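For reference, the structure discussed in these notes is given below.
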Amino acid sequence: MAAKMQFDLVSPERRLASLEVEAVQIPGTDGDMTAMADHAPMITTLRPGVLRVDGAGSGAETAYFVTGGFADVAGPSVTVLAERALPVSEVTAEIMDGFIAEARAAHDKARAASDAPDTAADAAAKLLADMEAAKGHMLG
Amino acid sequence: MPNLKDLKNRIASVKSTRKITKAMQMVAAAKLRRAQDAAEMARPYAEKMEAVMSGLARAVGDSEGAPRLLAGTGKSDVHLLVVMTAERGLCGGFNSSIVKLARTRISELLRDGKTVKILTVGKKGREQLKRDHADKFVGHVDLSEVKRLGYADAAGIASDVLGRFDAGEFDVATIFFNRFQSVISQIPTATQVIPAQFDTAEDAGEDTGPLYDYEPSEEAVLEDLLPRGVATQIFTALLENAASEQGARMSAMDNATRNAGDMIERLTIEYNRSRQAVITNELIEIISGAEAL
């Protein structure tokens, strides 16, 4: 059995999870990654996607949808600071559509602002694509 | 001496005032508990955010490419003051103390020849500041429709502030709010949010932490983090303010209830005295009338 580590998932409004786990799958901006105990210290930003927790023991919620934020992986602990997060079991098509609509609005706004650097529009487009991918991934 | 009927009316009116203030106190107490819980829940996020950001800020430091949100614009000519107050009154010195602090700061800045811009959150602060500083207003955020403060509200304010910063409208942003200490004590506080500041003195003693890998890169993470940090600071301030407001209202209403009680006591004594005087007078009249016969 793999070594356990402390996992915390916090959003600005509340602490969603604080438990001992074996591994955490993090949807990083540059791709998914799995952190286990004694992972080298690192900080990564998140893209919208599903965060999975392994080996948390029975009964605990093991998958969360996050809209963005960042993760702090530091040896004995993993802390995920999500902008918004909710258990996958509570995610419905309506909620996802709401997020997607928000991302789309942000995208349109970024594109409409012609003087804005392209990176802003690109980032918004990526966010939108990630949102849609996450929806497809979760709800089939 | 006021007549009996007037006194009776006054007692009745003070009694109904006391009922209202008592009810308001109890409502504030219930809301205070909720506001405190919300502030409590938000703390882990804010603390972690602060820790990660100060670590990053140290790592990136004063390097050339440091983002403007961290390094500032290199000037401090134009100051934006974000003054957060309540939407409603009847909460003692809550609003005035924030406004007073903001006023002091404004006159200091003006004396130093800086330009001041004001963004208010909450109706009461706007009303009080408008009197002297109407020309400096750049915006107002209305939260009166908000039943329960959410991160989205803070994010909205933050994006407004950040948009102005990107447009070069100001160099330094400071938020004014009341830090919740206890029900009877709220401390008006000013915190500079742009450029970001960290308690380096406090951190310096502690271990500098492990060397982190940053993905995608230090700059990219910082770029993503700093706006979030501003939003988080604003959110924390809003929550502290909400708890302070309810605390201030609770103690103000407690005082009002007690004052009303004292007043009722005084008026009742006066009422009884004058009633007695009337009776004595009537008796004297009867007796002297009987003696005259």
Given (1) in contact with a Lys or Arg (Cβ under 7 Å, 6 or more places away or on another chain); (2) within 10 Å of another protein chain (Cβ to nearest Cβ), identify the lone condition not met by A:Ala37. (2)
Is one or more of the residues making up segment B:242-261 under 27 Å from B:Glu47 (Cβ atoms) and of a type in the set (Lys, Arg)? no
Report, by residue number, each residue of segment B:108-145 that is of a type in the set (Gly, Ala, Ser), farther than 18 Å from B:Phe177 by Cβ and assigned to a helix (DSSP H, G or I). B:Ala134
So if I check each of A:Asp108, A:Asp72, A:Asp97, which one is among the acidic types (Asp, Glu) and either buried (at least 21 other Cβ atoms within 10 Å of the Cβ) or not in a helix (DSSP H, G or I) (or both)? A:Asp72
For A:Tyr64, the lone unmet condition from (1) surrounded by fewer than 16 Cβ atoms within 10 Å (Cβ to Cβ); (2) in contact (Cβ under 8 Å) with a residue 40 or more places away in the chain is (1)
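Inside segment B:35-49, can you point out the residues that are out of contact with any Asp or Glu (no Cβ under 9 Å at 6 or more places or on another chain) and more than 7 Å from chain A (Cβ to nearest Cβ)?
Looking only at segment B:35-49, we keep the residues that are out of contact with any Asp or Glu (no Cβ under 9 Å at 6 or more places or on another chain), and these are B:36-37, B:40, B:43, B:46-47, B:49.
Matches in segment B:35-49: B:Gln36, B:Asp37, B:Glu40, B:Arg43, B:Ala46, B:Glu47.
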Which numbered condition B:Leu69 fails, given (1) on the phi > 0 side of the Ramachandran plot; (2) modelled with pLDDT under 85: (1)
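Can we say A:Arg15 is surrounded by fewer than 22 Cβ atoms within 10 Å (Cβ to Cβ), in contact with a helix residue (DSSP H, G or I) (Cβ under 6 Å, 6 or more places away or on another chain) and either away from chain B (no Cβ under 13 Å) or within 22 Å of B:Ser54 (Cβ to Cβ) (or both)?
Against the criterion (surrounded by fewer than 22 Cβ atoms within 10 Å (Cβ to Cβ), in contact with a helix residue (DSSP H, G or I) (Cβ under 6 Å, 6 or more places away or on another chain) and either away from chain B (no Cβ under 13 Å) or within 22 Å of B:Ser54 (Cβ to Cβ) (or both)), A:Arg15 qualifies.
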Taking the stated definitions as given, is B:Thr191 at pLDDT 90 or above and within 18 Å of B:Ser76 (Cα to Cα)? no
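The values are calculated or read from the model by the stated rules, or taken from the named source; none is laboratory data. Quick caveat, the model's predicted, so the values are computed rather than measured. All Cβ positions, glycine included, derive from the backbone under ideal geometry; neighbour counts span all protein chains shown.
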